[in-house]
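Participant: Take this structure, written in structure tokens, and hold onto it; I'll ask about it next.
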Amino acid sequence: MSSNILDYYNIDELFSDEEKLIRDSVGKFVDEEIIPIIEKHYQEGTYPKHLTSKLAELGVFGITLSEDYGGAAANYTSYGLAMQELERGDSAIRSFASVQNSLVIFPISRYASEEQKRKWLPKLVSGEAIGCFGLTEPDYGSNPGGMITTARKTENGYLLNGAKMWITNGTVADVAVVWAKLDGVVRGFIVEKGTPGFSAPEMKGKHSLRASVTSELVFEDCEVPAENIFEVEGLRGPLSCLNQARYGIAWGAIGAAIAVYQSALEYAKSRIQFGKPIAQFQLIQEKLVWMLNEITKAQLVCHRLGRLMDVGAARPQHISLAKRNNVDMALQCARLAREIHGANGILGEYPIMRHSANLESVKTYEGTHDIHTLILGQDITGLSAFE
Ligand code: TGC
Ligand code: FAD
């Protein structure tokens, strides 16, 4: 077992050897290749480009994808454990992997033509191609059904017009999965980098996810070939991809929480005030125990959710509960860890502020905390707050 995994309840014994192998190989990579360099990239606001091919070699793209297209055909629990480890390093790296796996490889494998699958999936798995997912628009975030980006049928394909915003990897992507309304119905399209009328300027000035590229996508009479349309119709197309990504985020948040907890525990044991380690003070112990308690609960939620995903029995609302709980839990852990580190907690020498600031985005994207509250509220009352 990786020495970096916090496992108070011996949850380890619930995982198979294959699942542990995937977790530990990703964990080793995170310890050796991500943690030593990520703070510099965060401070400079750059994505560590050299990691893409290494992540591909490690096998983190296409984890659940069929071997027919170059994937590892592993289960969802393995995918979740890999996301947990990546986010223990940084949410930006988990974001990169979430988008590539859940928001690009998944929809292409599920909804594209066989020709498009053969064209893109092996390249996305090998890291030769990077993908992005364009759903959010400047005026339609929580309410993607209101989108105003349009597609119009032409003789040879479809003409896209509109703009997307806050798109992870947009500027560096070779292929964009884009959602637009065709005759008023939401449809998905594959848009290749370099298609005339398509541009993806980077958004700057973020205080969060600084090691991730975030972009606008602009479509001005951008024509895509007829074969680039997905077969799925309606909002359930993009929302089915979000189920996958939200699942990975629920696991990822545990990784971020473990990172800040471990830093806080070590710091509390070595920091002396009033002649004793601060870890001896009851108020500090209460904060540490709260973190341990919540992380353990989150691990159990994800273990169960992973098993439900593995047998196809997870409902979107189950995923909402885990995303909502675990991200909020991780953010609260980061804030408590910041308090325990005192002034040192704001320094880049410790991972605390980086995780804390990242988790502000994670709490907002893939459905805000409150949107997941309302999804769950609708599920248990039968009454929709969105109507
Ligand atoms: P509603 O009327 O409820 O549903 C419309 C259609 O969609 C179906 N559906 C789902 N299908 C699959 N999975 C789900 N989770 C689904 N939820 C709903 C539903 O059955 C219906 O199907 P049909 O066939 O009857 O038409 O839709 P609504 O317009 O009332 O919206 C509901 C709401 C608010 C829950 C939804 O729009 C929502 O989840 N909003 C949040 C938006 C969001 O999460 N955006 C994320 C953008 S991508 C991103 O953030 C990437 S971050 C990447 C990274 O860096 O990691
Ligand atoms: P809004 O929808 O305007 O919400 C603002 C506030 O109002 C929130 O607190 C929300 O909870 C609340 N609110 C909204 N509606 C209701 C309601 N009915 N009841 C109660 N409260 C409500 N999108 C993509 O498509 N692809 C990406 O790759 C992507 N990557 C992202 C990367 C980053 C770093 C960030 C920050 C965002 C990314 N997003 C991406 C966009 C993200 O999904 C949206 O920001 C998110 O869905 C929320 O939309 P919004 O920011 O427009 O907020």
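Participant: If I model a spin label as a point 7 Å beyond the Cα along the Cα-Cβ vector, how far apart are those points for residue 37 and residue 139 in nm?
Facilitator: 4.3 nm
Participant: Heavy atoms only, 1.4 Å probe, whole protein assembly: order 123, 164, 181, 193 by accessible area, highest first.
Facilitator: 193, 123, 181, 164
Participant: Please go through the residue pairs 54/181; 40/204; 287/323; 49/323; 153/193; 119/193 and name each one whose alpha carbons sit more than 26 Å apart in this structure.
Facilitator: With Cα atoms farther than 26 Å apart: 54/181; 49/323.
Participant: Follow-up question, since we're still on this one. Could you report the accessible area of residue 336 in Å², rounded to 10, computed with a 1.4 Å probe on the protein chains as they sit in the structure?
Facilitator: 40 Å²
Participant: How long is the gain from residue 73 to residue 317 if the chain were fully straight, where each residue apart is worth 0.36 nm and the alpha carbon distance is subtracted?
Facilitator: So the chain would gain 85.4 nm between residue 73 and residue 317.
Participant: Among 275, 254, 368, which residue has its Cα positioned farthest towards the positive end of the charge dipole of the stretch 237-381, with +1 placed on the Cβ of Lys and Arg, -1 on the Cβ of Asp and Glu, and the dipole taken about the Cα centre?
Facilitator: 275
Participant: Still on this structure, please answer the following. Defining a contact as two alpha carbons under 8 Å apart and six or more residues distant in sequence, what relative contact order in percent does the stretch 131-232 show?
Facilitator: Working: 241 pairs, mean separation 32.9, N = 102.
Worked out over the stretch 131-232, it gives 32 percent.
Participant: For a quick check of understanding: with a 1.4 angstrom probe and all protein chains in place, what accessible area in square angstrom does residue 136 have, to the nearest ten?
Facilitator: Counting only protein heavy atoms, residue 136 exposes about 40 Å² to solvent.
Participant: For the stretch 1-151, take N as its residue count and report Rg(C-alpha) divided by 2.2 N^0.38 Å.
Facilitator: 1.14
Participant: Moving on to the next point. Going from most exposed to least, what order do 289, 218 have by accessible area with a 1.4 Å probe?
Facilitator: Final ranking, largest accessible area leading: 289, 218.
Participant: Sticking with this structure for a sec: Under a point spin-label approximation (7 Å from Cα along Cα-to-Cβ), what is the residue 8-residue 304 distance to one decimal in nm?
Facilitator: 1.7 nm
Participant: On the full set of protein chains, 1.4 Å probe, figure out the accessible area of residue 14 and give it in Å² to the nearest 10.
Facilitator: 80 Å²
Participant: Within the accessible area of the chain, what % is carbon and sulfur when the probe is 1.4 Å and the other protein chains stay in place?
Facilitator: 52 percent
Participant: Moving on. Under a point-charge model restricted to the Cβ atoms of Lys and Arg (+1) and Asp and Glu (-1), what is the dipole moment magnitude of the stretch 131-232 relative to its Cα centre, in debye to the nearest 20?
Facilitator: 400 debye
Participant: Taking the Cα atoms of the stretch 189-315 alone, what are Rg (to one decimal) and Dmax (as a whole number) in Å?
Facilitator: 22.9, 73
Participant: OK, next. Charges only on Cβ, +1 for Lys and Arg, -1 for Asp and Glu: so what's the dipole of the stretch 237-381 about the Cα centre, in debye to the nearest 20?
Facilitator: On the way: 15 positive and 11 negative charges, 42 e Å.
Roughly 200 debye for the stretch 237-381.
Participant: Seen from all sides and averaged, what is the projected area of the convex hull of the Cα atoms in the stretch 131-232, in nm²?
Facilitator: 6.4 nm²
Participant: What angle do you read, to the nearest 10 degrees and between 0 and 90, between the alpha-carbon axis of helix 35-44 and the longest principal axis of the chain?
Facilitator: Roughly 60 degrees, rounded to the nearest 10.
Participant: Taking the stretch 237-381 on its own, what percent of its Cα-Cα pair distances exceed 24 Å? List each step's numbers first, then the result.
Facilitator: Numbers: 3794 of 10440 pairs.
It works out to 36 percent of all Cα pairs.
Participant: How high is the relative contact order of the chain, given as a whole-number percent (alpha carbon pairs under 8 Å, six or more residues apart)? Mind showing how you got there, number by number?
Facilitator: Numbers: 710 pairs, mean separation 66.3, N = 387.
17 percent.
Participant: Given charges of +1 on the Cβ of Lys and Arg and -1 on the Cβ of Asp and Glu, with all other atoms neutral, how large is the dipole of the stretch 11-126 about its Cα centre, in debye to the nearest 20?
Facilitator: In total the dipole reaches around 580 debye.
Participant: Another one. Could you state the angle between the C-alpha long axis of helix 76-89 and the longest principal axis of the C-alpha atoms of the chain, as a value from 0 to 90 degrees rounded to the nearest 10?
Facilitator: Taking the Cα atoms of the chain, the angle to 76-89 is about 60 degrees.
Participant: Give the share of C-alpha pairs in each 20 angstrom bin for the chain, from 0 to the last occupied bin, in whole percents, shortest bins first.
Facilitator: 29, 57, 13, 1
Participant: Starting from the residue with the highest accessible area, list 44, 33, 137 in decreasing order, probe 1.4 Å.
Facilitator: Result, largest first: 44, 33, 137.
Participant: Helix 236-270 against the longest principal axis of the chain: what's the angle in degrees, Cα atoms only, rounded to the nearest 10?
Facilitator: Rounded to the nearest ten degrees, it is 20.
Participant: Taking the Cα centre of the chain as the origin and placing charges on Cβ (Lys, Arg +1; Asp, Glu -1), which of 108, 235, 334 is farthest toward the positive end of the dipole?
Facilitator: 334
The values are calculated or read from the model by the stated rules, or taken from the named source; none is laboratory data. Just so you know, these numbers come straight off a predicted model, no measurement behind them. Using ideal geometry, Cβ is built from the backbone for each residue, glycine included, and neighbour counts are taken over all protein chains shown. Each accessible area value is taken on the protein alone, full model and side chains, heavy atoms only, with ligands, DNA and RNA left out. Shrake-Rupley method; radii C 1.70, N 1.55, O 1.52, S 1.80 Å.
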